[in-house]
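The values are calculated or read from the model by the stated rules, or taken from the named source; none is laboratory data. The model shown is predicted, which means the values in this text are computed figures rather than measured ones. For neighbour counting, all protein chains shown are included, and Cβ atoms are generated from backbone atoms with ideal geometry for every residue, glycine included. Only protein heavy atoms, including side chains, enter the accessible area calculation; ligands, DNA and RNA are left aside. Shrake-Rupley method; radii C 1.70, N 1.55, O 1.52, S 1.80 Å.
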Amino acid sequence: MTTPATDLSSSFADLVARLRRAMRRAARVAQPTMSLSVAQLELLSVIDERPGSRPGELAQVLRLAPNSISTLANSLAASGMLHRASNAADKRAVAYSLTPAGAAEVSLWRQTNTTSLASALAALTSHEQQVIHRSIPVLNRLVALLDEHTDHIDNEEEKPRGRTTS
């Protein structure tokens, strides 16, 4: 049985997926020489927002496996986009920060997305633009609620499970 909330969530999830695809296509058309994948650009963006992040923290934020973060980070470090620093107290622990080249890629990607969206938004009516503008706080709240829900699930999964006896 579907409910209005189920129908809304299904429609909205489809919309978000199509928006992400449209933005990726627009970015590739606007910057055809951009050689980094979306996953690489997202990792660089998170590191830009959280310099000094460790692989486990990045995996949690991006909801990726730690080995996926390591693979992405190693390729980005090899291409000069990412700096990897060892912790003085624990040589096994690493922290990442952007190189100037990595920061430039993040800036270019963000500017490309902003320009593409600005062009599309300009084609909307004034009323449509106002509707989108008014929805931004609600969408920010939705993101926060999704993050809270996901964090709650992550915390539940990390709790040690008690042994049961039969």
Residue within segment 133-151 that is over 25 Å from the mean Cα position of the chain (by Cα), at pLDDT 90 or above and open to solvent by 50 Å² or more (accessible area, probe 1.4 Å) present: no
Any hit, segment 93-108, residues being assigned to a loop (DSSP other than H, G, I, E, B), farther than 30 Å from I153 by Cα and either free of Cβ contacts under 8 Å to residues at least 60 places away in the same chain or more than 18 Å from the chain's Cα centre (by Cα) (or both): yes
Residue pairs meeting the criteria (Cβ under 9 Å; at least 6 apart or on separate chains; first more than 15 Å from V16 (Cβ to Cβ), in segment 134-152; second part of a helix (DSSP H, G or I)): D151/Q60
Top-ranked residue of segment 38-90 - restricted to ones that are open to solvent by 60 Å² or more (accessible area, probe 1.4 Å) and of a type in the set (S, T, Y), ranked as nearest to Q111 (Cα to Cα): S79
